[in-house]
Amino acid sequence: MIGPPERYAFLGLRVQADLISDCGPLAGVYTGLKTSPADWNLVVACDMPSVTVGFLSSLLDAAEEADAAVLVPKTTDGLHPLCAVYHRRTLADVQSLIECRSLRMHEALSHLRAVHWPLAEFSLVENVNTPLAWNTREALLE
């Protein structure tokens with residue numbers, strides 16, 4: 001897991017702090033690519049309560065099959081760069097984006113030549129960031 005260790009200590013998991021501070025989610029992607037021993041890396045934000053193991057497995061399989069540097073789900077709501085697969089070969093480009101202070105994830109996807117993966121079911125990658133959003137989501141699911 002990547003994030004502020006003090007914020008997630010209660011989970012009892014190993015948490016890796018961003019290797020580069022104050023660079024937003026792109027720093028998390030960089031940290032993951034830099035510290036992971038894997039070639040293919042699933043990046044999943046912690047605020048996606050409906051993501052499933054089956055979905056992530058399919059996403060990873062599709063990335064490997066396409067041999068895409070980045071495979072990102074695309075719904076009618078847009079691209080979802082924080083639920084995507086990044087190959088290790090993007091590390092230098094991600095570092096370059098950070099050095100240039102080009103930190104917006106959607107701009108990074110364009111620079112990294114991400115392949116879009118059509119996804120009909122938006123709920124799998126829906127972000128829930130506040131108690132109000134959670135309650136609204138729960139009410140809609142009832």
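The values are calculated or read from the model by the stated rules, or taken from the named source; none is laboratory data. Since the model is a prediction, treat every value here as computed from it, not as a measurement. No Cβ is skipped: glycine too gets one built from the backbone with ideal geometry, and neighbour counts run over all protein chains shown.
Could you list, in sequence order, all residues of the stretch 24-62 that are modelled with pLDDT of 95 or more, surrounded by 14 or more Cβ atoms within 10 Å (Cβ to Cβ) and part of a loop (DSSP other than H, G, I, E, B)?
Answer for the stretch 24-62, where residues must be modelled with pLDDT of 95 or more, surrounded by 14 or more Cβ atoms within 10 Å (Cβ to Cβ) and part of a loop (DSSP other than H, G, I, E, B): just SER36.
Which residue pairs have Cβ atoms closer than 9 Å, lie 6 or more positions apart in sequence or on different chains, and pair a first residue in the stretch 27-47 that is more than 11 Å from ALA84 (Cβ to Cβ) and β-branched (Val, Ile, Thr) with a second residue that is modelled with pLDDT of 95 or more and in a loop (DSSP other than H, G, I, E, B)?
THR31/ALA17; THR31/ASP18; THR31/LEU19; THR31/ILE20; THR35/LEU19
Name the residues in the stretch 63-81 that are aliphatic (A, V, I, L, M) and either in contact with a Cys (Cβ under 7 Å, 6 or more places away or on another chain) or crowded, with 19+ Cβ neighbours inside 10 Å (or both), would you?
Of all residues in the stretch 63-81, those aliphatic (A, V, I, L, M) come to 63, 66, 68-72, 79.
Of everything in the stretch 63-81, those that are aliphatic (A, V, I, L, M) and either in contact with a Cys (Cβ under 7 Å, 6 or more places away or on another chain) or crowded, with 19+ Cβ neighbours inside 10 Å (or both) turn out to be ALA63, ALA68, VAL70, LEU71, VAL72, LEU79.
With assigned to a helix (DSSP H, G or I), in contact with a Pro (Cβ under 9 Å, 6 or more places away or on another chain) and either modelled with pLDDT under 95 or farther than 23 Å from ALA38 by Cα (or both) as the only criterion, which of LEU132, LEU103, LEU124, LEU109 stands out? Walk me through how you get there before you give the answer.
Values: LEU132 fails: in contact with a Pro (Cβ under 9 Å, 6 or more places away or on another chain); LEU103 fails: assigned to a helix (DSSP H, G or I); LEU109 fails: either modelled with pLDDT under 95 or farther than 23 Å from ALA38 by Cα (or both).
Unique residue meeting the criteria: LEU124.
One line per residue, one yes/no per condition, for (1) among the acidic types (Asp, Glu); (2) farther than 16 Å from SER50 by Cβ:
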site: HIS80; (1), (2): no, no
site: VAL94; (1), (2): no, yes
site: GLU99; (1), (2): yes, yes
site: LEU109; (1), (2): no, yes
site: ARG113; (1), (2): no, yes
site: PRO118; (1), (2): no, yes
